[in-house]
Amino acid sequence: MTTWSVHDVTVCFGGTVALSHVDMTIEPGAVHCVVGGDGAGKTTLLRVLAGLKLEATGEVRLPPPGRTGYVPPAGGVFGDLSVEENMEFIAAAYRLRSWRDLAKELLTRVGLDQFPDRLARELSGGQRRKLAGSMALLPEPALLVLDEVTTGLDPVSRMDLWRLIAGAAAGGAAVVLATSYLDEAERAGEVLLLHQGRVLASGAPAGIVAAVPGSVVGVDQPTDPEHAWRHGSRWRQWDPAGPAVPDGQVTLEDAAIVAELVANEATS
Amino acid sequence: MIVKEFRQMRRDRRTVALMVGLPVMLLIVFGYAARFDVSDIATAVVGPNATVVAGGLPSTFDVVVTDPAGTKDQAVRLLTDSKAEVAIVTGSPPTVLVDGTQLFIAQSALRRTDSLPAGAQVEVLFNPDLSTSAVMVPALIGLILLFVGTVITSLGVVREREQGTLEQLAVTPLRSVDVIVGKIAPYFAVAVIDMTVITTVGILVFDVPFRGSVLLFAAFALVYLFVVLGLGVLISTVSKSQGEAIQLAIMVLLPQVMLSGMIFPLDSMAAGVRWIGYLLPLTYFVMGMRGVFLKGSSAGALAWPLAILGLMAAVIFVLAILRFRRDLAPKQTGEIEPGELEPLPA
């Protein structure tokens, strides 16, 4: 099966570099998460993957027209159309012939089959995201690009969407999901960690965690505040020179924070 | 709070432009343009002794044609073709023909009949009762089309951008031209229906005469629709929100209402302001509609307004399509070159 990729992609908005020499390979049948803080470049990378116009350099290998499904961060549903009309429009735009069964199945999976006539603007935020996800999946895309579809949703809605996402990957689609939730990213096959437009780490979540230098431990009071961060009622603290900790004690969130600390220290 | 408000205001350039630009424009309009009294009336003098009669006219009557061999029919033709606003046919008795489609000019001329040749018979052509609705309804068609085409179209496109659906459309197999045509066609259809309703109501309810060619009317309407829809799309391509689109649409609409000759006669405006009127599409549409409805003007007589509108339509519509297309057409594969691709509006 074909893999999709971006190679050495740099994107600028005016004088601001949004992405700098980013590489990413996207395998079919796998879920890839793009994670990073605000302004890391997640949305810009996903726009490149969706094939949208950007002032950019580099090389892209993307599916032919009509083989990409995309949910933009702003929502991507037609508010003045009903749930069913939204699906119908996508079917018409992609020139799908037999789509009604799949549409019904997708809407059932996310619990929207009960509201076919409800206008999209009358749906809750979570329902709109689920509808947007269903619309993106209707043409059975080779590449599914989802920008923060789960942000701000309740846990049940997130689970519904993850079922959709996992189903699409199981069906052979290459899925790229931008998210700020690192617990969510741990479910992905591959993770790309972005920071200020640059790739800090990429690979399987376990590999990224294993590559954390030094040790990360839980403490009640940090002894090195610059290398500590709040975690629940306690603190996590990174010791760059500490001994490696046993598997399972360092999370992807720890790895992401450590990677950003390392990057910040390298630039300061 | 006050400092915050000033900071926000300073950074919202369009609001500043509206706050500063609007008073300046109103000052210009009401200072130099909004004059109902006309001091220069384009006058043709035809018939025997035309030169002598022309020489004896007061300066208000700006003699543009003097033809001692001319006839009354030729004088009517001069008024029909908008080459003169008043025509004096010398003879016994002399006849003064006044163009009734230029309401304020006609009224101004009629107030000065005592300075015209003694015993002259005055005839008001095209709009004998000097009916306001007869003059305003054809112009209103242009204003309503401008509103539908510019405001409603721009809002429709901007709403798509706000909802993030424009980006989604860009990744579908729909070609840019499909999206553009699909987006504009409904507004085109609504504008045509609006135009038909206003025209019918104008003719049936307000007794506005329709003396010209339906084909010429359709030609003006078609070309003008492309201008206004193009303006709507152009506004949408430079607006991030519906509020911004409305602000810009107001800035486009208001000068047209004031300076197109729809309300205030172009001839009464100071030369420094009048040229702005000649840059506005509504000016030429109003000329065309008044010619078609009231005068029954020929295609030849209205060739210039139609040609200028056509030129405006070509430039504005093509520019609008190019800018709109730039926001769509996705890059699918291959090497990306710097500057080849433009960023989507945030």
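None of the figures in this text is laboratory data; all of them are computed from the coordinates on show. Keep in mind it's a predicted model, so treat the numbers as computed, not measured. Because the Cβ atoms are built from the backbone with ideal geometry, glycine has one as well, and the counts that use them run over all protein chains shown.
If R0 is taken as 25 Å, the Cβ-Cβ distance between B:Val192 and B:Ala314 corresponds to a FRET efficiency of 0.80.
Centre-to-centre separation between the Cα atoms of region A:50-103 and those of region B:66-98: 66 Å.
Suppose R0 equals 60 Å. What FRET efficiency, 1/(1 + (r/R0)^6) with r the Cβ-Cβ distance, do A:Leu81 and B:Gln121 give to the nearest 0.05?
Once rounded, the FRET efficiency stands at 0.35.
Name the aspartates and glutamates eligible as straight-distance cross-link partners of A:Lys42: C-alpha to C-alpha under 12 Å, and not fewer than 8 places from it in the same chain. Within reach: A:Asp147, A:Glu148. Treating r as the C-beta distance of B:Ala299 and B:Ser92 and R0 as 45 Å, the FRET efficiency rounds to 0.80.
Within the listed set A:Leu161, A:Leu144, A:Leu200, the residue fluctuating most in the Gaussian network model of chain A (springs between alpha-carbon atoms under 10 angstrom) is A:Leu200.
Measure nothing but the geometry: give the 0 to 90° angle between the long axis through the Cα atoms of A:155-170 and the longest principal axis through the Cα atoms of chain A, rounded to 10°. Around 80 degrees separate the two axes. For region B:1-116, what is the per residue volume of the convex hull drawn over the alpha-carbon atoms, in cubic angstrom? Per residue, the Cα convex hull of region B:1-116 comes to 128 Å³. The length gained by stretching the chain between A:Val156 and A:Ala30 to full extension, at 0.36 nm per residue less their Cα-Cα distance, is 43.1 nm.
Projecting the Cα atoms of B:Leu294, B:Thr60, B:Val16 onto the dipole axis of chain B, where Lys and Arg carry +1 and Asp and Glu carry -1 at the beta carbon, places B:Val16 farthest toward the positive end. The relative contact order of region B:132-327 comes to 35 percent, based on Cα pairs under 8 Å that sit 6 or more residues apart. Between helix B:214-237 and chain B there is an angle of about 40 degrees, using the helix long axis and the longest principal axis of the Cα atoms. Per-residue 3J(HN,Hα) values for region A:249-261, derived from phi via the Karplus relation 6.51 cos²θ - 1.76 cosθ + 1.60 with θ = phi - 60°, read 8, 10, 9, 5, 4, 4, 4, 5, 5, 4, 4, 5, 4 Hz in sequence order (x marks Gly and Pro). The C-alpha atoms of chain B define a longest principal axis, and helix B:176-204 lies at about 30 degrees to it.
Cross-link partners of B:Lys72 among lysines, defined as those whose alpha carbon lies under 17 angstrom from its own and excluding same-chain residues fewer than eight positions apart: B:Lys83, B:Lys295. For chain A, modelled as a GNM whose springs connect Cα atoms under 10 angstrom apart, the maximal fluctuation among A:Ala204, A:Ala169, A:Ala92 occurs at A:Ala92.
Taking A:Pro72, A:Pro222, A:Pro141 in turn, the Gaussian network model of chain A (Cα-Cα springs below 10 Å) assigns the largest fluctuation to A:Pro222. Under the simplified labelling scheme, the A:Ser124-A:Trp229 pair shows an inter-label distance of 2.9 nm, with each label point 7 Å from Cα along Cα→Cβ.
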